[in-house]
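Step one of this worksheet: look at the structure below.
The values are calculated or read from the model by the stated rules, or taken from the named source; none is laboratory data. Please read these numbers as outputs of a predicted model, since none were measured by experiment. Backbone-built Cβ (ideal geometry, glycine too); neighbour counts: all protein chains shown.
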Amino acid sequence: MKTNRVKIFIMLVMLFSFGACSEDSSTNPTSSVPDLTEDPTTDPTPPAVDFQTIAINLFEAAKGVAPSFAETTTKAASELEDPMEYLFNTFRMFDPEIHQGIIDGSNFFRVLFDMDESLEDIFDITEAIDPVVIQEPFEFGNSITYDHAANTHEDEGTGNIYDSGYAYTLEGETIHFLVTYRISEDEGTHITMGQLQGSYDMEEGDVDLAMIYLVEYNGEEYYVVRNEIAGNELTHEFELRMAISGSHGGGSAIVGKGISQGENAFFLLKMNYGYELAEAGERYYVFPADADETFLQEMDREGLQYEDLPVEVADYQADIQSKALFVPADLPTGHVDFNDSDISLDF
């Protein structure tokens, strides 16, 4: 049932704080993709979309794009100190067969895996609409035209209310999608809000994802995460921007660029890790594509200065130096920052 899908998705995503396999996907991302380019005079109705295949392939595609760190100890992350532990938890390799209940939503890839049910809901729930640009409740600054959309509302009568918005469009082999949700629990004293927007070119392998997640308690305490990543699952090139913050202080921001897989491949991260996003200093970290937990344990947690960056990341360092980190103004601090707490889509 729709209700169960939404609840399952929300329960999983509520684990999400901020952010994986680095092997090449063993599945062909276009093997089950319908041919949407057939002559419309022969069949004016596009073939049915296998949305479950799209959802699984999106997770596989993301593993081919983003950097990841494999476990090498039985006490995962126990020997790591921040910011290395933070990086490991964000990009730790996630295997759904063994990590359910172990790796939570602070892991970037766990969140992508949990998207499957919600992407399925997009195709189940939405109806065709006149093509229109739909604004995200928390503005990412994108202007995307969708031709399928829906809003849902469910009041259990127990003090818990669930609202969701869905939109998508298919453009050749590319799916563009937008999912929003708001959960009000305990008579509104506990509010969870989230938003996922992205696209996936199932032929060329381009992936572009933006997501935000916020938990608020009693209208005062909050925790928020924002992630952006774009790249290609075939070349393993990527760029990313991420941040995490909350009402209790603390916060981190990352930008990165490089190649996440392959021999003699490297990637560069610039990180602002400290008590306040606006005050912490920037540090640079260089990783080989096969870096793992042990590599992080042996790495200098203080990072590098820009002028000390090695030649292996010369192609990325100018872009990373100039690429702005997220700052507190880029993150919501409460549910009212999502279009005054209204996550429904206007179409």
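Below are the figures for this structure:
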{"read-out": "Cross-chain or 6+ apart pairs with Cβ under 6 Å, segment 322-346 first and hydroxyl-bearing (Ser, Thr, Tyr), then in a loop (DSSP other than H, G, I, E, B)", "value": "none"}
{"read-out": "Only listed residue being assigned to a loop (DSSP other than H, G, I, E, B), crowded, with 20+ Cβ neighbours inside 10 Å and at pLDDT 70 or above, chosen from 98, 103, 122", "value": "103"}
{"read-out": "Among residues of segment 318-333, those that are more than 20 Å from residue 215 (Cβ to Cβ) and modelled with pLDDT of 90 or more, counted", "value": "8"}
{"read-out": "Options 60, 79; residue that is surrounded by fewer than 23 Cβ atoms within 10 Å (Cβ to Cβ), at pLDDT below 85, within 17 Å of residue 199 (Cβ to Cβ) and in contact with a Ser or Thr (Cβ under 8 Å, 6 or more places away or on another chain)", "value": "60"}
{"read-out": "Test: residue 240 is within 24 Å of residue 320 (Cβ to Cβ), touching an Asp or Glu at 6+ places or on another chain (Cβ under 8 Å) and assigned to a loop (DSSP other than H, G, I, E, B)", "value": "no"}
{"read-out": "Residue count, segment 199-230 (criterion: touching a Gly at 6+ places or on another chain (Cβ under 8 Å), at negative phi and among the small types (Gly, Ala, Ser))", "value": "1"}
{"read-out": "Residue ID - surrounded by the most Cβ atoms within 10 Å (Cβ to Cβ), chosen from residues in segment 304-347 that are among the acidic types (Asp, Glu) and either under 17 Å from residue 225 (Cα atoms) or out of contact with any strand residue (DSSP E or B) (no Cβ under 9 Å at 6 or more places or on another chain) (or both)", "value": "337"}
{"read-out": "Those residues of segment 210-223 which are in contact with a helix residue (DSSP H, G or I) (Cβ under 7 Å, 6 or more places away or on another chain) and either in a loop (DSSP other than H, G, I, E, B) or at pLDDT 90 or above (or both), in sequence order", "value": "216"}
{"read-out": "Residue under evaluation residue 214, criteria (1) among the hydrophobic types (A, V, I, L, M, F, W, C); (2) in contact with a Leu (Cβ under 7 Å, 6 or more places away or on another chain); (3) surrounded by 24 or more Cβ atoms within 10 Å (Cβ to Cβ), criterion not met", "value": "(2)"}
{"read-out": "Residue that is nearest to the chain's Cα centre (by Cα) [pool: residues in segment 289-347 that are hydrophobic (A, V, I, L, M, F, W, C) and closer than 21 Å to residue 178 by Cα]", "value": "331"}
{"read-out": "Pairs where the first residue, in segment 223-246, is of a type in the set (Lys, Arg) and the second is not in a strand (DSSP E or B), C-beta under 7 Å, 6+ apart", "value": "226/326; 226/330; 226/331; 241/326"}
{"read-out": "Selected residue (only one of 177, 140 is part of a loop (DSSP other than H, G, I, E, B) and of a type in the set (Phe, Trp, Tyr))", "value": "140"}
{"read-out": "Odd one out for residue 258, checked against (1) over 30 Å from residue 222 (Cβ atoms); (2) of a type outside the set (A, V, I, L, M); (3) surrounded by 22 or more Cβ atoms within 10 Å (Cβ to Cβ); (4) in contact with an Asp or Glu (Cβ under 6 Å, 6 or more places away or on another chain)", "value": "(4)"}
